[in-house]
1. Subtracting the Cα-Cα distance from 0.36 nm times the residue separation, let me have the gained length for His78 to Leu10 in nm, one decimal.
2. Report, largest value first, the span of the C-alpha coordinates of the chain along each principal axis, in whole Å.
3. I'd like the orientation of helix 42-54 relative to the chain: the angle between its Cα long axis and the longest Cα principal axis, in ° from 0 to 90, rounded to 10.
4. How high is the FRET efficiency between Arg62 and Glu20 when r is their beta carbon distance and R₀ equals 30 Å, given to the nearest 0.05?
5. Taking the Cα-to-Cβ direction at Met1 and at Glu54 and moving 7 Å from each Cα, how far apart do the two end points lie in nm?
6. Let's see if you can work this out: charge +1 on each Lys and Arg Cβ, -1 on each Asp and Glu Cβ, no other charges. What is the dipole magnitude of the chain about its Cα centre, in debye to the nearest 20?
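We did not get these values from a lab; they are worked out from the coordinates using the rules stated. Computed from a predicted structure; not experimentally measured. Note: ideal-geometry Cβ built from the backbone for every residue, glycine included; neighbour counts use all protein chains shown.
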Amino acid sequence: MELKLARTELDAKPKKIKLEKIEEILQNEGQKIFYFDKENSHKDLVNLVEHFEELGYSVYLREIKYTLDENDYIYEVHIL
């Protein structure tokens with residue numbers, strides 16, 4: 001599975017990260033907070049949460065709005 005990381009600039013294209021890379025980062029660091037772009041489907045993010053919960057991690061997913069516009073949001077995933 002490949003997910004899009006949150007953009008660092010509004011007009012930039014989101015960078016992509018594979019599930020295997022996320023697993024590698026967690027093995028090295030133990031825990032991590034990832035920010036994902038709104039272009040990811042909610043279903044993919046739920047699958048991500050379920051995948052890491054099956055591996056024994058605690059995973060928290062939430063939507064963060066950064067303006068008053070309903071379409072301006074990113075996903076925060078905290079994996080412990």
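1. Extending this stretch completely gives an extra 22.2 nm.
2. 36, 20, 20 Å, listed from the longest principal axis down.
3. That helix lies at roughly 20 degrees to the long axis.
4. After rounding, the FRET efficiency stands at 0.80.
5. 0.9
6. Details: 12 positive and 18 negative charges, 34 e Å.
For this selection, approximately 160 debye.
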